[in-house]
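Colleague: If you scroll down you'll find the structure; I have some questions about it.
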Amino acid sequence: MEGKRWEEMEEDCLVNIFRRLSLVDLTVAAPLVCRSWRKASLDPLCWSVLDFRGMDFMPWSDLCKSLAAWLSVRRPSFTGLLKLAAARSKGAARELRFPLVFGASLKDLVYASDACPRLKVVVLPNLLPAEEPHLPELVGKWKELERLEMESKPSSFLELVKQISLTCKRFSGLAMSGSIKIEDVSAIVDYLPRIKTLCLHGSYLPKEKLLAILSGSRELEKLSVTDCVGFEADEEILHRASGIKTFEYEGSKLADDLGYETDECDPLYVHVV
């Protein structure tokens, strides 16, 4: 290495560096430096993590303006960048995080389910209610899936969990927010008995539902119920959770604190931080 210039570095060293770059840098920066950098940037290992989470694909965003200039396209889109990234991963992508706002659609999810069959971690986009029934079938194609994150609990949650139990034998982590009902708890306990990590941050979660999770999910190593509504971490809850390595409950409060008189909350309730 001593005395060598960047463009003279061994390809495996460049790949090891480039795999830490953002997707934008991999697309419009590193490949333009020189031939050796372009060759290294096309290695599938650089495209094993497809993280679009923090990207803004609004037509007027700085990202879209930059992509339009660098790639000489009129209207850059999430779909276009997803297809480019998936093609360069050559089916080897292990993580896929969809953008938070604007751009991702059911068609993109369908494409990813076919083009990226070996995903282990998926962070789903928000879908329209009419699109949510398709989730179980699509997620079920990722047979190596280990962790699934969703902004909110989909209407097809029960069918989704059943499908995961049938096809995703290594599944161990789930994250979502929403109104957690007894049937949701039963699905998690019955169909995901080996779940290790569960995050219900910002959900409506009455105490009895939380206790049912603590009693039924015996292999939990981490449970995050921060900023939830429906319970306070009293002695009973803390005692039941004492066997879990990590139990996060900060910011959670009783429903009565927000003016609710019963343990039933708006089913569409999602806590926004």
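Colleague: Among all residue pairs at least 6 apart or on different chains, which show Cβ distances below 8 Å where the first residue, located in region 128-149, is under 18 Å from SER165 (Cβ atoms) and the second is open to solvent by 70 Å² or more (accessible area, probe 1.4 Å) and of a type in the set (Lys, Arg)?
Modeller: Listed pairs, sorted by first residue: PRO136/LYS162; TRP142/ARG118; LYS143/LYS169; GLU144/ARG118; GLU144/ARG170; LEU145/ARG170; GLU146/ARG170.
Colleague: If we keep just the residues of region 45-95 that are among the aromatic types (Phe, Trp, Tyr) and either within 28 Å of ASP12 (Cα to Cα) or at pLDDT 90 or above (or both), which is surrounded by the fewest Cβ atoms within 10 Å (Cβ to Cβ)?
Modeller: TRP70
Colleague: Further question: Here is a check on your reading of the model: is SER155 buried (at least 18 other Cβ atoms within 10 Å of the Cβ) and either of a type outside the set (D, E, K, R) or not in a strand (DSSP E or B) (or both)?
Modeller: In short, no.
Colleague: Let me ask you something else. Taking region 96-147 as the search range and keeping residues that are open to solvent by less than 70 Å² (accessible area, probe 1.4 Å) and basic (Lys, Arg), which one is farthest from LEU45 (Cα to Cα)?
Modeller: ARG147
One line per residue, one yes/no per condition, for (1) in contact with a helix residue (DSSP H, G or I) (Cβ under 6 Å, 6 or more places away or on another chain); (2) closer than 18 Å to VAL161 by Cα; (3) aromatic (Phe, Trp, Tyr); (4) surrounded by 16 or more Cβ atoms within 10 Å (Cβ to Cβ):
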{"position": "THR197", "(1), (2), (3), (4)": "no, yes, no, yes"}
{"position": "LEU200", "(1), (2), (3), (4)": "no, yes, no, yes"}
{"position": "ILE213", "(1), (2), (3), (4)": "yes, yes, no, yes"}
{"position": "ARG218", "(1), (2), (3), (4)": "no, yes, no, no"}
{"position": "VAL225", "(1), (2), (3), (4)": "no, no, no, yes"}
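Colleague: Scan region 245-260 and give yes if some residue there is modelled with pLDDT of 95 or more, of a type in the set (Lys, Arg) and within 23 Å of PHE157 (Cα to Cα), otherwise no.
Modeller: no
The values are calculated or read from the model by the stated rules, or taken from the named source; none is laboratory data. All of these numbers come straight from a predicted model, not from anything done at the bench. All Cβ positions, even for glycine, are placed from backbone atoms using ideal geometry, and neighbour counts span all protein chains on display. For the accessible areas, the whole protein counts, side chains as well, though only heavy atoms, and no ligand, DNA or RNA atoms are used. Shrake-Rupley method; radii C 1.70, N 1.55, O 1.52, S 1.80 Å.
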